[in-house]
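The block underneath contains the structure these notes are about, expressed in structure tokens.
Just so it is clear, none of the values below were taken in a lab; they were calculated from the coordinates. Since the model is a prediction, treat every value here as computed from it, not as a measurement. No Cβ is skipped: glycine too gets one built from the backbone with ideal geometry, and neighbour counts run over all protein chains shown.
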Amino acid sequence: MHLSPTKFSAAALLGLALLGGCGEKFLDLKPTDTITTDSFYQTESDAVQAVTACYAQLNRGGQYNYALWGIGEIMSDNSFTGGGGGGDGAEEIQLDFFNIPSSNPMTTRLWNGSYVGIGSCNLVLQKVPGIANMDATLRKRCLGEAQFLRAKYYFDLVRAYGDVPIITVPPATPADSRIPRNPATQVYDQIILDLTAAIDNLPGTYSGTDLGRATKWAATGLLAKVYLTQDNKPLAAQRAREVITGSGKSLWADYGDNFKVANENGKESLFEVQYVNGLNEYTFDGLGFAGNEFFAPRGQGLVPQGGYGFNIPELEFVQGYETGDKRKAVTIWSPGDAYPAGSSQPAQPTLLPGSPNGYNCKKWFVGKVNTNVWDSPLNFPVLRFSEMYLILAEAVGPTQEGLNAINLVRTRAGLPNLTVATPNFTDAVIKERRYELAFEDDRWFDLKRTGKLTTLPALLAKGVKPFNDKLPIPQSERDANPALTQNTGY
């Protein structure tokens, strides 16, 4: 899987970026390649199409369809590269062993995709207020969606790279985008400003073809996560409580119901990336999710091309499941597990290339949904309701409120309650996050914010160093923007 990243320069922020949709619910497939900012933004329909374009980067290679599974999981202690061995997945091997050049395709694509998404949001926030004869409620919603998504893209950037340039209006010229990095504290201030505004602008629910768009509860939940990342526990708890008490969301009785196509945008979903199959193949930038093929057991014939076997669960991760944890069977393939076709997961490394211990990531498996490859319809959760309980528990500690919150998650998983006597309660919550949110691209960020990234023996053995708490600034962007400094160590 040696792949070259799509190349964008800083000047790409000037583009309208209306060439893609967001998902099966509010997908817009009409060609827009001849539209300019002068001829567009005239009607309510234009505004909605422009906002839909703001979602487009989420399901592409710069986010959940490639970059984040390498950064969020393979750079952590949850998984390793897998694949066919040798140079297969060279960019993931670089992340796995913390030997990351500034040209790494995954880290480059995260930067590029996030800024292209930000550019789309900036156009909406600049142009939509000036559309005449537009319903006021719809205008607020469009602005709120753009504010939420801009905050989301900046949250990924600041957590991954630290200081990054803040661009909140479309640059008038390419030179206007060649600006230096802003301090991370200022980036977080902008994120909080955007999310606070989005909460006021967004509706609490959608219906029909608008299902999957950002709600006020998605914005509130993301704000809780931002505050937790900043170690502002009182405000993290406040925002998590608001979602828990006000959103009307609840847990599925079965953990596995979160990861079924039939339950997309369901009762536990706060926000998820929309995917639809049957329109593209062999691309990280289509409308289907590639993980069905890339993570499936290699060569076992369960998916259109037999499975590539990347993103392999680490043995320590597998052994860390508590006895009786129902999430294990949903999350990973274990030796002897029955396959839909009647065979079973092999244990011998010779029969399961890339996985010496016989495990694979199962959470995103949907099987042979059609003949297209890299093309699953299963949505990817960005925020689930269960995470609000875990944010609350971490924020308030081993109080009765905190214990009640984490135990709701543990009860669903088939595990006994924690008590006030539980030692190292914060560590217990972080472990619960690890298994509740496994392979949802969160683990590296959790290890960073809790200071554990450079203390784990398994990662030290792979060469992690203190500066690996940030990714390298892409060299292609530094070539386009000489004002960008490089992170220490790269």
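Before moving on, here are some points about what is shown:
- Residue by residue, the range 473-490 carries 3J(HN,Hα) couplings of 5, x, 5, 4, 6, 5, 5, 7, 9, x, 6, 7, 8, 8, 5, 4, x, 10 Hz when phi is fed to the Karplus relation 6.51 cos²θ - 1.76 cosθ + 1.60 (θ = phi - 60°); x denotes Gly or Pro.
- Segments 216-224, 200-208 sorted - mean Cβ within 10 Å per residue, highest first: 216-224, 200-208
- From the alpha carbon centroid of the range 430-490 to that of the range 320-334 is 26 Å.
- Less than 5 angstrom separates the built amide H of V373 from those of Y282, all sequence-distant by 5 or more or on a different chain.
- Pairs from K267/K448; K152/K363; K152/K233; K328/K448; K260/K452 whose Cα-Cα separation, in the structure shown, is over 27 Å: K267/K448; K260/K452
- Mean Kyte hydropathy of -0.5 or more with a Cα span along the axis of at least 30 Å, helices from DSSP in the chain: 105-127, 136-161
- As a rough guide to protection, the peptides 186-194, 380-388, 318-326 ranked by mean Cβ packing within 10 Å, highest first, stand as 380-388, 186-194, 318-326.
- Cβ crowding within 10 Å averaged over residues, with 74-87, 146-159, 252-265 ranked highest first: 146-159, 74-87, 252-265
- Per-residue HN-Hα couplings for the range 351-364 [Karplus 6.51, -1.76, 1.60; θ = phi - 60°; Hz; x = Gly/Pro]: 9, 9, x, x, 10, x, 9, x, 10, 9, 6, 10, 4, 9
- Over all other residues within a Cβ to Cβ distance under 9 Å of L270, the charged ones net out to -1, with Lys and Arg as +1 and Asp and Glu as -1.
- Pairwise centroid distance, computed over Cα atoms, of the range 132-176 with the range 261-296, Å: 24 Å
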